[in-house]
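Only one structure is covered here, and it is reproduced in the block below.
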Amino acid sequence: MYKTQSSIRLVTRHFETQISLLLNSNPKPKLQFFILRFLSSSSDQSWLSIPGKPIINWPHQPFTSPNSETDLLRKPDPFPNFSQNEFSIVFDLLRDPSISPGSSFHDALDRTGIKPGPSLLQVVFDHFDSSPKLLHSLFLWAEKKSGFRPTEALFSSMINVLAKSRRFDSAWSLILERVRGEDEEPTLVSGDAFVIMIRRYARAGMPQSAIRTFEFASSLASFLKSNSALSLLEVLLDSLCKEGHVRLASEYFNRKKGLDSSWIPSIRIYNILLNGWFRSRKLKRAEQLWIEMKRENVRPSVITYGTLVEGYCRMRRPEKAIELVSEMRMEGIEPNEIVYNPIVDALAEAGRFKEAMGMMERLSVLESGPTISTYNSLVKGYCKAGNLEGASKILKMMISRGFIPTAITYNYFFRYFSKFGKIEEGMNLYTKMIESGYTPDRLTYHLLLKMLCEEGRLELAVQVSKEMRSRGCDMDLATSTMLIHLLCNVHKWEQAYAEFEDMIRRGIVPQYLTFKRMHDVLKKRGMTEMVHKLRGLMSSVPHSTKLPNTYGGDGDKSRARRTSILQKAKAMAVMLKACKDPRELVKYGGSSENAVSIANRLIDDIKKKGNLMGVSKLGYGLESVEAMECEVDDGPNEDLVRVSSGLQNLDWTLEKLCKG
């Protein structure tokens with residue numbers, strides 16, 4: 001660890017010398033702002049770690065960059081319809097644990113005297129997207145006020161909050177109320193609202209509901225008069241493919257194509273399906289679609305080649321992806337960052353940094369050049385390999401070339417710190433981000449809380465959760481669950497219950513595992529009153545009663561079947577190598593006895609009888625089973641079926657030999 005810290009400090013000092021030249025020549029004020037903040041907070045210390053100075057107290061008023069979200073509220077009169085004070089009042093009400101959605105919340109809002117406007121609600125929605133019940137209640141309260149007319153964007157935000165929390169009935173209630181209403185603005189329910197519903201249905205594992213939503217939207221007159229229905233079809237197929245329903249998407253596409261022979265699908269639809277097959281790791285289906293596109297003279301675009309390249313890189317075949325770069329040039333299509341970035345990412349992911357840097361230099365000579373994603377891929381690769389010095393060099397390189405690191409960039413460092421429990425380094429990096437004007441995103445806080453909870457650092461975890469809320473990132477299911485489990489681990493039952501209660505109040509349904517764990521421990525400790533309250537809270541919301549290991553019943557059966565087939569195949573291979581007389585094998589063919597024990601017993605019998613001449617070559621037909629085991633274990637089910645079918649054919653062959 002000391003060696004790593006020393007090397008990074010050396011790189012930092014070298015970098016500061018180079019940056020002084022950059023400040024004098026770089027015309028970008030935003031970059032100069034970042035560099036000055038970066039250097040002023042670094043001095044001679046490594047920005048990754050300050051030995052002996054663990055950061056526990058957070059900066060009270062961190063200096064924010066010009067483009068941060070909270071800066072909007074600090075500017076004088078950013079929106080003419082509301083003030084910062086009004087936002088603060090609503091902010092405090094939403095965080096008040098004594099206020100629940102409904103009449104009590106509405107009464108509290110009425111007492112404030114605030115006149116709601118769409119701008120105020122939009123900013124509130126942007127900061128509290130993980131409190132669906134409260135936001136829905138706020139929206140309904142505002143609608144009752146005279147003069148309030150929600151914008152299209154605000155209405156879509158409301159639909160997104162409800163659909164994200166799987167409150168689809170409430171979302172449809174709002175949509176249908178406006179679609180069927182005579183007095184409502186017809187444009188209020190835009191394509192964005194249906195896009196949100198389709199994507200959320202697909203993400204919730206409800207693909208048929210996503211399809212019905214598309215068909216309903218396509219039947220509306222406002223959609224029929226425009227090209228929105230075709231765009232929405234692309235959204236539907238894209239949503240299904242991204243959530244693993246690519247087969248259903250392909251079938252729906254083919255059915256639509258068959259119903260209308262005059263319809264010419266766009267290249268975007270083919271790109272979506274290609275990407276879907278690659279994401280599902282169905283290489284053969286993707287290649288079949290690519291051949292079909294060529295046969296139908298569908299002209300590929302740079303996006304098509306980018307999809308193919310990314311797909312092969314995802315399958316860990318960067319060499320094939322590089323071949324496609326040459327092919328697309330022959331087609332007269334020049335590669336750009338869409339094509340090169342996945343290759344850089346795949347090479348960096350595999351630890352092939354020299355090749356990845358070479359590919360980035362090839363991208364540098366193009367007009368588009370490397371993007372922030374290119375540098376992020378390299379940072380990710382170095383962090384994954386545990387090479388913080390290499391990641392730090394890439395960070396300095398991107399800054400020197402005019403690219404400002406984002407929260408995504410730093411999250412790769414946080415992933416490393418979280419994985420290895422490096423609390424001091426993680427907290428120091430977090431502080432440096434704040435001092436440099438960054439607003440951490442939800443993933444940053446998720447990684448920090450994960451690290452602190454796994455290491456049992458309750459005090460820091462609570463402070464981070466407070467900091468997270470104060471910066472406008474509402475606690476979601478994952479972060480709240482981690483905090484509750486940590487509180488239970490350190491026997492802070494009252495605080496754990498308070499966090500559990502707050503989740504219910506905000507409309508987040510806790511996992512059944514969390515409830516069961518708290519319930520059982522509290523019951524064991526004789527805390528009957530709290531147990532009763534906990535049951536009441538959980539029964540107030542619809543929830544599953546399955547624990548994590550009960551969800552995989554079918555998966556467990558599949559794995560057991562897979563293991564059984566592989567064991568039988570391996571045992572049969574050994575058996576056939578040793579056996580010289582097929583008649584010795586057939587008598588075991590119909591037995592219900594365990595295949596492995598049969599094989600072992602048979603081999604012992606054969607060894608006793610000595611070496612017999614006959615059909616020994618059959619044994620070598622299954623020599624590849626052992627080598628194939630790794631592939632089948634992680635690969636598609638078709639391979640497993642092939643092994644099983646092969647064993648059945650082998651039984652049949654042995655029977656024929658015996659009869660002959």
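The values are calculated or read from the model by the stated rules, or taken from the named source; none is laboratory data. As the structure is a prediction and not an experimental result, all values here were calculated from the model. Positions of Cβ are backbone-derived with ideal geometry, glycine not excepted, and every protein chain shown enters the neighbour counts.
Descriptive notes on the structure:
- Answer from 91, 148 - the residue that is in contact with a helix residue (DSSP H, G or I) (Cβ under 7 Å, 6 or more places away or on another chain) and at negative phi: 148
- Listed by position, the helices (runs of 4 or more DSSP H) contained in segment 329-397 that have at least 2 residues being closer than 20 Å to residue 426 by Cβ are 372-384.
- For segment 110-145, a residue qualifies if it is of a type in the set (Phe, Trp, Tyr) and more than 25 Å from the chain's Cα centre (by Cα), and the qualifying residues are 139, 141.
- Residues considered: 448, 347. Of these, the only one that is more than 30 Å from residue 317 (Cβ to Cβ) and at pLDDT 90 or above is 448.
- Considering residues of segment 150-180 that are of a type in the set (S, T, N, Q) and assigned to a helix (DSSP H, G or I) only, the residue nearest to residue 204 (Cα to Cα): 160
- Every residue from segment 419-436 that is surrounded by 22 or more Cβ atoms within 10 Å (Cβ to Cβ) and at pLDDT below 90: 436
- Residue check, residue 133 exposed (fewer than 13 other Cβ atoms within 10 Å of the Cβ) and either modelled with pLDDT of 85 or more or touching a Ser or Thr at 6+ places or on another chain (Cβ under 7 Å) (or both): no
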